[in-house]
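Here's the structure, in structure tokens; my notes come after.
The values are calculated or read from the model by the stated rules, or taken from the named source; none is laboratory data. Note that the structure is predicted; figures quoted are calculated from it, not measured. Cβ placement follows ideal geometry from the backbone for every residue including glycine, while neighbour counts extend to all protein chains displayed. With ligands, DNA and RNA removed, areas are computed over all heavy atoms of the protein, side chains included. Shrake-Rupley method; radii C 1.70, N 1.55, O 1.52, S 1.80 Å.
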Amino acid sequence: MQKTLIWDIPTRLFHWLIVASLLAQYATVEWLENKVQWHFYIGYFTLFLVVFRLLWGIVGTQHAKFSSFVTGPKAVLNYVKTLFSRHSEPAVGHNPLGGWFVIVMLVLVAIQAISGLFMTDDIFLDGPYRQLANEDTLALMNSLHHFAFDVLLYVIALHIGAVVFYSVYKKQKLVPAMVHGKKMSKTAGIADSRLLRALIVALICAAVVYVAIEVYPPTPQVDEYYY
Ligand code: HEM
Ligand code: HEM
């Protein structure tokens, strides 16, 4: 057994930034007054984070890649059988069950950020895609924005519960590994975090989100009455 690098810096940064962003998204609509504009900006940033993670799941380092942790039902079932064993071999990256959990969380955050683009605060601010949609789509997006967040809260509670379970019951310290990136492993970890590649991917994702938010949507039609 040796201590090796498992989680690259971009994956760790992504994780803690998404935690901070979701907290801020909640705060800007539930705790703070008149901060909906900030809710929009942080929402765009969250969208960027999700798009980045999707791409990094394809071109990132070994354990960040979807191909390394999205497995078939057989592997998940075999893993579930060992779930309550205190002595089961710890997974190097995400375990087969946790891997699917990651996908569920990413999809929920994506639904949350995309549906937000169609929202309005009913006073001054419209999401950039509001003008593009008909009444039925707007109603659907509105329901999704409320409903997906409630589901997300349960999923996050389960996620944190799972992390505590691993740390207390199975004595596997997953949280420090998400901070410094290192785990005890029999096999060699990753050589480095591929920061230059991550920077290029981040720039591409920022450009995609910028075009989707600022360039593509038509400018809102303002009623002449207001002039
Ligand atoms: C808003 C709340 C949270 C969300 C949305 C969230 C989401 C995620 C996601 C998407 C991953 C996969 C990382 C990746 O491969 O990119 C992950 C992993 C992880 N998260 Fe969170 N997380 C949240 C809160 C927390 C908190 C508060 C902790 C610490 C107590 C935590 C600890 C971990 C750990 C240890 C892993 C790695 C699990 C493993 O080893 O397989 N998360 N989380
Ligand atoms: C992942 C990112 C996001 C999260 C976690 C999030 C979360 C939330 C939550 C919890 C609410 C309160 C819902 C309720 O009262 O039941 C809300 C409302 C809202 N969200 Fe988001 N949101 C996100 C992204 C966005 C984006 C990108 C936009 C617009 C561009 C947006 C626009 C709005 C608006 C206009 C409201 C209603 C505010 C009001 O009632 O004054 N959201 N969001």
Förster-model FRET efficiency, 41 Å R0, VAL107 and MET1, C-beta, rounded to 0.05: 0.75
Note, ³J(HN,Hα) from phi for region 20-37, Karplus 6.51, -1.76, 1.60, rounded to Hz, x at Gly and Pro: 5, 5, 5, 4, 5, 5, 5, 4, 6, 10, 9, 9, 9, 8, 6, 10, 5, 4
Relative contact order of region 2-216, defined on C-alpha pairs under 8 angstrom at six or more residues apart (%): 35
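Return one whole number: the accessible area per residue of the chain in Å², for a 1.4 Å probe.
Working: 14040 Å² over 227 residues.
Here the per-residue accessible area is 62 Å².
Going by average Cβ neighbours within 10 Å, how do the peptides 160-171, 47-58, 76-87, 11-22 rank, with the highest at the top? Provide the component values of the computation, followed by the final result.
Numbers: 160-171: 13.2, 47-58: 20.0, 76-87: 11.2, 11-22: 16.5.
Put in order of decreasing packing, that is 47-58, 11-22, 160-171, 76-87.
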Alpha-carbon centroid distance for the pair region 8-27 / region 58-108, whole angstrom: 20
Pair SER167, PHE84: separation of 7 Å Cα→Cβ label points (nm): 2.3
For the chain, calculated [θ]222 nm from helices alone, where every DSSP H run of n ≥ 4 adds -39500 (n - 2.57): -20500 deg cm²/dmol
Rounded to whole Hz, the Karplus (6.51, -1.76, 1.60) HN-Hα couplings of region 103-109, x for glycine and proline: 4, 4, 5, 5, 5, 5, 5
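PRO176: net charge of surrounding residues, Cβ under 10 Å, Lys/Arg +1, Asp/Glu -1, itself excluded?
Numbers: positive: LYS173, LYS182, LYS183; negative: none.
Within the 10 Å Cβ shell, the charges total +3.
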Within the accessible area of the chain (1.4 Å probe), percent carbon and sulfur: 68
Long pairs among LYS3/LYS81; LYS74/LYS170; LYS74/LYS182; LYS65/LYS171; LYS65/LYS186; LYS74/LYS173, criterion Cα-Cα beyond 24 Å: LYS3/LYS81; LYS74/LYS182; LYS65/LYS171; LYS74/LYS173
